[in-house]
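Report on one structure; see the data block that follows.
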Amino acid sequence: MTFEVIVVDFSHIRALWETRVKKYKERCIKEKERIETSALQKIKQEWSFMLECRNNGIPQSAYLKNGFVDTKLEILDIHQRISSTSKKTIYKEEKPESDKFVFNLCGSEWQELPDYLREQTYLKEWHIIKTLIHTIPEYIQTFEDMKVLNMSQNKITCLPPEIGCLRNLKELNVSFNNLKNIPPELGDCENLEKLDISGNLELTELPFELSNLKKVTFVDLSANKFSSIPICVLRMSSLQWLDISSNNLKDLPQDIDRLEELETLLMQKNIITYLPIELTNLSHLKLLVVSGENLVEIPSALMENPSLKYVKLLDNPIEGDESLDTENEEENNNQDREQFEKEFMKSYIKDLVERDSAPCYTTKVSLNLQI
């Protein structure tokens, strides 16, 4: 079943959403205050207190005073402190064990990685987000057990060739950085399963060596400047999810049906004029999202396929604000807008996928706002 949805520049309705969220939070606070001052809250507190005492093995006489529940008895406070201390002790013993192999770093005060990181080669995950770090050090090749490398929303300009030494790497996320190329050595990461290089804005091609990534199931190339689907992506035989939205695609390759396992294909915000008949050969395809009023030729088999959710977004952009003064500010603004729209589309697609069946009709709605 076909969906046709009018899309606007979501950044212009952000203020409206934030206002609604603010009002909702204020209502929640008032409702919480009302409940706290009500008699029902006092009864609930007494019953919770009695239940907690019973669960902790404290006799009934210990929490009754003159026939009434005394929630301020010191015996329970002592018991709670002992219990809390024991829990904290257990937590302190367990937390290092669970976080032992994970490194987290966040904040704009970081412009380079700390020196001590070089010696922690036992780490299996890096999560470095929203910093001003612009390079990945060469010593990353010593982290042979690395499985997750998440360095999204930084200022990284290039990936070192040494990244190819991470043979156990399963997930690489370098989205929303300043990358302009990807090293061919990345193709040596033969166990890679998820690749996210979205939001780099200037990325135009991928090396053919990435064809060696036969275990990749998820590839996100959105918000870049690809004029076509890279050949190496068409050679990723296990690929199930491909997001190449917000690029410069004019058409799709005739051999796109090489992606036999593909289930989700997102191509909105491109300049595609037609969809090839070869798309009907993708027997596992469950979700197809396209956009643009330039799209005039669509295989009827796609729209009539009951197992495929085909979504066509009709672009109806609202003129944006005046351009910013500096180039860096304009680039940051573009990245913020792309990231905001990407999160919105994720939520929309998640809701769409969870539907058992497509609705029998849709209503076109044009949304105009004056901010």
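Structure notes:
- Scanning segment 258-317 for residues that are in contact with a helix residue (DSSP H, G or I) (Cβ under 8 Å, 6 or more places away or on another chain), farther than 30 Å from residue 215 by Cβ and not in a loop (DSSP other than H, G, I, E, B) gives a single hit, 301.
- The residues of segment 199-210 that are open to solvent by 10 Å² or more (accessible area, probe 1.4 Å) and aliphatic (A, V, I, L, M), listed by number, are 201, 206.
- For segment 273-291, the set of residues classified as over 23 Å from the mean Cα position of the chain (by Cα) and either surrounded by 18 or more Cβ atoms within 10 Å (Cβ to Cβ) or closer than 21 Å to residue 240 by Cα (or both) consists of 275, 276, 277, 278, 279, 280, 281, 282, 283, 284, listed by residue number.
- Taking the listed residues 112, 93, the one that is surrounded by fewer than 16 Cβ atoms within 10 Å (Cβ to Cβ) and either modelled with pLDDT of 95 or more or not in a loop (DSSP other than H, G, I, E, B) (or both) is 93, with no other qualifying.
- The listed residues are 215, 250, and the only one of them that is open to solvent by 10 Å² or more (accessible area, probe 1.4 Å) and either farther than 24 Å from residue 148 by Cα or assigned to a strand (DSSP E or B) (or both) turns out to be 250.
- A single entry from 196, 220 fulfils the requirement of being open to solvent by less than 10 Å² (accessible area, probe 1.4 Å), acidic (Asp, Glu) and under 18 Å from residue 266 (Cα atoms): 220.
The values are calculated or read from the model by the stated rules, or taken from the named source; none is laboratory data. Keep in mind it's a predicted model, so treat the numbers as computed, not measured. Because the Cβ atoms are built from the backbone with ideal geometry, glycine has one as well, and the counts that use them run over all protein chains shown. In case anyone asks, the SASA skips ligands and DNA or RNA and just uses the protein heavy atoms, side chains included. Shrake-Rupley method; radii C 1.70, N 1.55, O 1.52, S 1.80 Å.
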